[in-house]
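Each remark here refers to the structure printed beneath this line.
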Amino acid sequence: GAYPVGGLITDGNALYGLTAQGGAHFVGTIFKINKDGTGHTKLHEFNESSDHDGSYPLGNLAFDGSFLYGITKDGGINAFGTIFKIKTDGSAFEKLLDFDGSNGSEPLGSLIYDGTALWGTTHRGGSNATGVVYRITTDGSSYSQMDFNGTNGSFPKGALTIDGAFLYGSTSFGGASNLGTTFRVEIADPTINPLSEIGGGMSGPQPEGTLTIIGNQLFGTTSSGGFSNLGNIY
């Protein structure tokens, strides 16, 4: 593997992660390593040339107790990215979804597991070509999406954050000033509801990354704006 992007997760014993490149086909790997640094194992090599299973995996894996789940930014049948699952011993790799543009493209961030299904965002695609929030069951049998439309945000980059009943995220553009929004989605009744619009100057713009929840407050960062136009924390 080469160029790991994203963090590690654990099943209580070993650590698991992704590399965006490397492997025999140079388009990424899934790996496992023990907490003391021993036992490094390559669980899967992505192979776009023959399997079309995705290329350039990003973000953190999600774990439901049996399978690891993740995304690839590119590749798959339509070259717009994929969603996959694999067991912790490297067996039973399965591609759950090929993004095709209409259902989203260029997934970024990481998957979130809510105890029943997986949630994520795509940076582009959907009915307005500005990204989607999506939900997919762990066997890939059911997929649904909520489209960004500019007013509720556009072009999300970071992963979603969950607090039990709601998912929260941010978009790098959209809103009245087209400088980004924060939003939430109710798990029981999925709709993208903007929480705030990021303005220019001191307050932004372009929030990126993943929001952090502390109590009833959300915290995040912007990639520009502020006194020196070098970003801020909000």
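Report the charge-dipole magnitude of the stretch 3-75 in Debye, nearest 20, computed about the Cα centre from +1 at each Lys and Arg Cβ and -1 at each Asp and Glu Cβ.
Rounded to the nearest 20 debye, it is 220 debye.
Which one, (i) 48, 38, 32; (ii) 46, 43, 31; (iii) 83, 40, 24, gives Cα extents along the principal axes in Å as derived from the coordinates shown?
(i)
Mind giving me the nanometre distance, one decimal, between the label points for ASN78 and ALA92, set 7 Å out from Cα along Cα→Cβ?
2.8 nm
Show me, bin by bin at 10 Å from 0, the whole-percent P(r) of the stretch 98-234 based on Cα pairs.
14, 45, 32, 8, 1
Specify which residue in the list ALA14, ALA24, ASN103 is farthest towards the positive end of the charge dipole of the stretch 1-146, using unit charges on the beta carbon of Lys, Arg (+1) and Asp, Glu (-1), about the Cα centre.
ALA14
Quick one: putting +1 on the C-beta of Lys and Arg, -1 on the C-beta of Asp and Glu, what dipole do you get for the chain around its Cα centre, in Debye to the nearest 20?
400 debye
Shape of the stretch 97-178 from its Cα gyration tensor (a ≥ b ≥ c, root eigenvalues): rounded if a/c is under 1.5, otherwise prolate when a/b > b/c, or oblate?
Because a/c hits 1.5 or more and a/b fails to exceed b/c, the stretch 97-178 counts as oblate.
Using 1/(1 + (r/R0)^6) with R0 = 25 angstrom and r between the beta carbons of ASP139 and ALA2, what's the FRET efficiency to the nearest 0.05?
Working from the Cβ atoms, E equals 0.20.
For a quick protection proxy, order the peptides 138-146, 17-25 by their average other-Cβ count within 10 Å, most packed first.
Most protected by this proxy first, the peptides run 17-25, 138-146.
Can you give the direction-averaged projected area of the convex hull of the alpha-carbon atoms in the stretch 16-116, in nm²?
Taking a quarter of the hull surface, the average projection is 6.5 nm².
Whole Å is fine, so just give me how far the alpha carbon centre of the stretch 43-111 lies from that of the stretch 1-29.
12 Å
Using the heavy atoms of the protein chains and a 1.4 angstrom probe, tell me the accessible area per residue for the chain in square angstrom.
In whole numbers, the chain has 43 Å² accessible per residue.
Lys and Arg at +1, Asp and Glu at -1: add these up for the other residues within a Cβ distance under 14 Å of GLY104 and post the number.
Summing Lys/Arg as +1 and Asp/Glu as -1 gives -1.
For the stretch 144-200, state the semi-axes of the equivalent ellipsoid (square roots of 5 times the eigenvalues of the alpha-carbon gyration tensor), sorted largest first and rounded to whole angstrom.
Semi-axis lengths for the stretch 144-200 are 19, 11, 9 Å.
For the stretch 1-97, what number of Lys pairs, 8 or more residues apart or on separate chains, have alpha-carbon atoms under 18 Å from each other?
Eligible lysine pairs with Cα atoms under 18 Å apart amount to 10.
Heavy atoms only, probe 1.4 Å: what % of the accessible area of the chain goes to carbon and sulfur, would you let me know?
Answer for the chain: carbon and sulfur cover 50 percent of the accessible area.
For the chain, what does the relative contact order come out to in percent, with C-alpha contacts under 8 Å and a separation of six or more?
Once divided by the residue count of the chain, the mean separation gives 9 percent.
The values are calculated or read from the model by the stated rules, or taken from the named source; none is laboratory data. Here the structure is a predicted model, which means the values were calculated and not measured. When we count neighbours, we look across all protein chains shown, and the Cβ atoms used for this are built from the backbone with ideal geometry, even at glycine. These accessible areas exclude ligands, DNA and RNA; they are computed on the full protein's heavy atoms, side chains included. Shrake-Rupley method; radii C 1.70, N 1.55, O 1.52, S 1.80 Å.
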